[in-house]
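The values are calculated or read from the model by the stated rules, or taken from the named source; none is laboratory data. Remember, it's a predicted structure, so these values are computed and weren't measured experimentally. Because the Cβ atoms are built from the backbone with ideal geometry, glycine has one as well, and the counts that use them run over all protein chains shown.
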Amino acid sequence: MKLPKRPAQHISETASFKLFASKIPNNWIIRDVTERDYGIDCYLELVNDSDELTGELALIQLKSQDQVSWTKADYFTLSGVDIATSNYWFRFPIPVFIFLADIKNQELFFLSVDYYIKKNYATYANQTNFSYRVKREDKFEGSSGVFLFKFFFYYESYRQQFENEMVYFLSNLQHHINFQREHEYRDYHLGVEDEDLIYFEAMHRNYKFLCMYLNLDNPVPSLIEIKRHSKSKFPKGYYQLYEHDLTELFPPYQLLTSKITDALKSFLNGEIDFWLRTNPTIARYVRTI
C-alpha cells in the first residue's frame, strides 16, 4: 500500500527549527509566521535578564546543511538566495538574521543581513547574484553566542540613530571645537547661560551616543553627575553649570573629538561602497577632516 512520503527538505527544515529553538535563551520568544515563502521563517523576540518583554524583534531565516563544509578560511558560502529576497530583507526596518544549522554536529551559526550587505555593497548593487559568507566564529552557542548576537542586533537596531548622530557631529564639528576653545579660560565663578547650556547638553548626548556605538571609552561623566558636582561647589548658585565645570571637562572632550573623528573615518571606510552610492557627500567630507 502506497503512503505519502515526507520530502527530505521538510525533514531538514524541521531539524533546523528544532536546533534553533534549543539554542536560544529559554526566556526569548519565537513568534511563528503564517507565510514562509518570502524569506522569513519566524520572528525572534528578545526578553531581558529580568524576563521583561522588550518588544525588540529580529526576523529570522533558517538555512540548514547536513554538515557544514567550512573552507580553509573558516567560512561557508550560502548561495542561491534570490536577489529579490535580499532586497526584501535589506528594506526591513528591523534586523534580519540568517541562521545556519549544522544538523550532524548540532551547531548553529548566524549572520546579520544588513551588516553583510553594507560591507559588500558593490557586489549587492549589481543586483545579479549575491551570496552570503557565514563565518565559523559567529557561532550561536551559550552566553558568548548570545552576547555576539546581541552585539549585531543592537548594532543594527540603533543604526538609523547612529547615522543621524553622525551627521549632527560632522555638521557641528567646527562649532564643537570653537565652543570648547571659547570656554577654556573664562572666569571660574561665571555661570553658563541657558543658550550655551542647551548647546553643551546636545553636544554631550551626541558624544555619549557615538562613543557607545563606536565602542570608544568615554571618560566624561553623565549630565546628572556633572550638575551634581557643580551644585556641590556652588550650593547657593543660581546656575546649573559654571565655567569652571566646562574648563575641567574640555580636555577630555578635545581628545574624544579626535577619537570619534578617527573612528568615523574607519567606520565609513569599511562600508565605502555603500556610502559612495548612497551619500557621497558624507563619504567625501569624512575623508577630508
Only one of these conditions is not met by residue 202: (1) surrounded by 14 or more Cβ atoms within 10 Å (Cβ to Cβ); (2) part of a helix (DSSP H, G or I). Which number is it?
(1)
Residue in the range 139-154 that is surrounded by the fewest Cβ atoms within 10 Å (Cβ to Cβ), counting only those that are without any contact (Cβ under 8 Å) to a residue 60 or more places away in the chain and within 21 Å of residue 94 (Cα to Cα)
147
Just for the range 204-227: of the residues that are of a type in the set (A, V, I, L, M, F, W, C) and at pLDDT below 95, which one is nearest to residue 191 (Cα to Cα)?
226
Residue satisfying all of: in the range 151-200; more than 30 Å from residue 59 (Cβ to Cβ) and small (Gly, Ala, Ser); modelled with the lowest pLDDT among these:
191
Quick one: residue 115 ticks every box in (1) in contact (Cβ under 8 Å) with a residue 60 or more places away in the chain; (2) surrounded by 14 or more Cβ atoms within 10 Å (Cβ to Cβ); (3) not hydrophobic (A, V, I, L, M, F, W, C) bar one, so which box is it?
(1)
Quick check: anything in the range 186-193 among the aliphatic types (A, V, I, L, M), touching an Asp or Glu at 6+ places or on another chain (Cβ under 8 Å) and assigned to a loop (DSSP other than H, G, I, E, B)?
yes
Can you pull out every residue in the range 115-145 that is more than 21 Å from the chain's Cα centre (by Cα) and hydroxyl-bearing (Ser, Thr, Tyr)?
123, 128, 131
Against the definition (surrounded by 15 or more Cβ atoms within 10 Å (Cβ to Cβ), within 30 Å of residue 278 (Cβ to Cβ), under 18 Å from the mean Cα position of the chain (by Cα) and not polar (S, T, N, Q)), how does residue 214 come out, yes or no?
yes
Can you tell me how many residues within the range 87-114 are in a helix (DSSP H, G or I), basic (Lys, Arg) and over 19 Å from the mean Cα position of the chain (by Cα)?
0
